[in-house]
Amino acid sequence: MSYTLQFGQVWPYLPTLAAGALISLEIAFLAFCGGLLIGTAGAAALSFGGAASRRIVRTYVVFFTNTPQLVQIYFLYFALPDAGILLSSFNAVLIGMTLNAGAYLPEIQRAGFESVRRNELEAAEVLGFSRRQQIRYVILPHVARVLFPPLSNQYILMTLGTSMAAIFGVEELTGRAFNINAQTFRAIEVFSLTAALYVIVTFAATAALALLGRVAFRAKMRLV
Amino acid sequence: MWQRFAAELPEFFGYYNLIFLAKAALTTIALSAIGALTGSVVGFAAAVVRMTRAPLLAPLRWLTVLLTEIFRRIPFLVTLMLVFFVFQLSGFDLSMFTVALVAVFLIASSYLAEIIRAGFDSVHRNQWDAAAARLPRRAFSE
């Protein structure tokens, strides 16, 4: 077998792929923000809610963490039109990823909220902190510091998860790689370039998040 | 919609469909089980390599770090495509199952390498010191 790698045909597509990578980051960011809202509500329900709301959240979490994300988006995109709900592929992927993230985030967030120890609150009370001061100076810094690393980890995982959007025809990084592969038939070149872009993009995101976490929240984060 | 749904349901859950889905589920289980087993063996080895301190092994350590970092940052779909086309063009005639298994194995071993390394990292310094203090005596007495 003689297959010579020819990156020459693929290089011109680099800007297209890079723009696709931005769309991947965008989908991940939107889904992450939506998931954070669901996650906060879920974590609040798990910590402070009654038995009924806890059970609802647990059922939701079990259902969405034990089915593949791909199947969930398939359901939204191909099954919901039967019920008269038409979603564009972008929206279907976005909603699917949001719902999926909303299942993983409550447990992460709950662990972060509950990591504030009783002693800290008692110490703050003894020092004469008001309730608002306790939240501002004790609870929030602690929660941010503990919560930021796993949340940024989840964001990176979601960025990788957006590659599934390609299956539904969304023109993000993997989707564009499929298209360029169909045009040039330079499969290895296209996909290794795509892989390199994913490594670069997620590494840049990790670096930015680690820097932010260290500077803003004094979180213990490292790059490698 | 529901009437059509109800009408099509018996056909959907027909004998051949169920057998087909059950076989597919078995493939999923086989892929994940074999991938997790081989991945944890290689991931464990990678974690051990990363814990070594010998200067001679430095290139091996860098290679391990590089590979785990790379494969943790490529989406599964892209890894799968790369594995598929690399095998196709290198002339190995492999089944699709093997191709998928190699992709699962690559991803599993890099993720597990990090998980196992985190496990090793969680062993407190004192415990390593205590083990180091005890080990020579035990080694000599046996």
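The values are calculated or read from the model by the stated rules, or taken from the named source; none is laboratory data. Note that the coordinates shown come from a computational prediction; the quantities given were computed from them, not determined experimentally. Cβ atoms come from the backbone with ideal geometry, glycine included; neighbour counts cover every protein chain shown. Ligands, DNA and RNA are stripped out before the accessible areas are found, and what is left, the full protein with its side chains, is counted by its heavy atoms. Shrake-Rupley method; radii C 1.70, N 1.55, O 1.52, S 1.80 Å.
Among the residues of region A:52-67, the one identified as surrounded by 12 or more Cβ atoms within 10 Å (Cβ to Cβ) and within 14 Å of chain B (Cβ to nearest Cβ) is A:67. Entry remark, region A:101-126: residues being more than 30 Å from residue A:30 (Cβ to Cβ), in a helix (DSSP H, G or I) and of a type outside the set (Val, Ile, Thr) number 8 in total. The sole residue among A:191, A:129, A:148 that is part of a loop (DSSP other than H, G, I, E, B) and either under 24 Å from residue A:25 (Cβ atoms) or more than 10 Å from every other protein chain (Cβ to nearest Cβ) (or both) is A:129.
Inside region A:173-188, can you point out the residues that are under 30 Å from residue A:87 (Cβ atoms) and more than 11 Å from every other protein chain (Cβ to nearest Cβ)? The answer is A:176, A:179, A:180, A:182, A:183. Those helices (runs of 4 or more DSSP H) of region B:48-142 in which 3 or more residues are more than 12 Å from every other protein chain (Cβ to nearest Cβ) and over 30 Å from residue B:28 (Cβ atoms) occupy B:58-72, B:125-141. Annotation for region A:158-172: no member residue is more than 14 Å from every other protein chain (Cβ to nearest Cβ), more than 30 Å from residue A:190 (Cα to Cα) and either modelled with pLDDT under 95 or surrounded by 14 or more Cβ atoms within 10 Å (Cβ to Cβ) (or both).
Answer yes if at least one residue in region B:17-35 is without any contact (Cβ under 8 Å) to a residue 60 or more places away in the chain, within 29 Å of residue A:172 (Cβ to Cβ), open to solvent by less than 40 Å² (accessible area, probe 1.4 Å) and within 14 Å of chain A (Cβ to nearest Cβ), and no otherwise. No: zero hits. Applying the set (1) β-branched (Val, Ile, Thr); (2) out of contact with any Ser or Thr (no Cβ under 8 Å at 6 or more places or on another chain); (3) open to solvent by 50 Å² or more (accessible area, probe 1.4 Å) to residue B:64 leaves exactly one unmet item: (3).
Considering every residue within region B:81-94, establish whether at least one is touching a residue at least 60 places away in the same chain (Cβ under 8 Å) and surrounded by fewer than 19 Cβ atoms within 10 Å (Cβ to Cβ).
Within region B:81-94, the subset touching a residue at least 60 places away in the same chain (Cβ under 8 Å) is none.
No, there is no match, as no residue in region B:81-94 is touching a residue at least 60 places away in the same chain (Cβ under 8 Å) and surrounded by fewer than 19 Cβ atoms within 10 Å (Cβ to Cβ).
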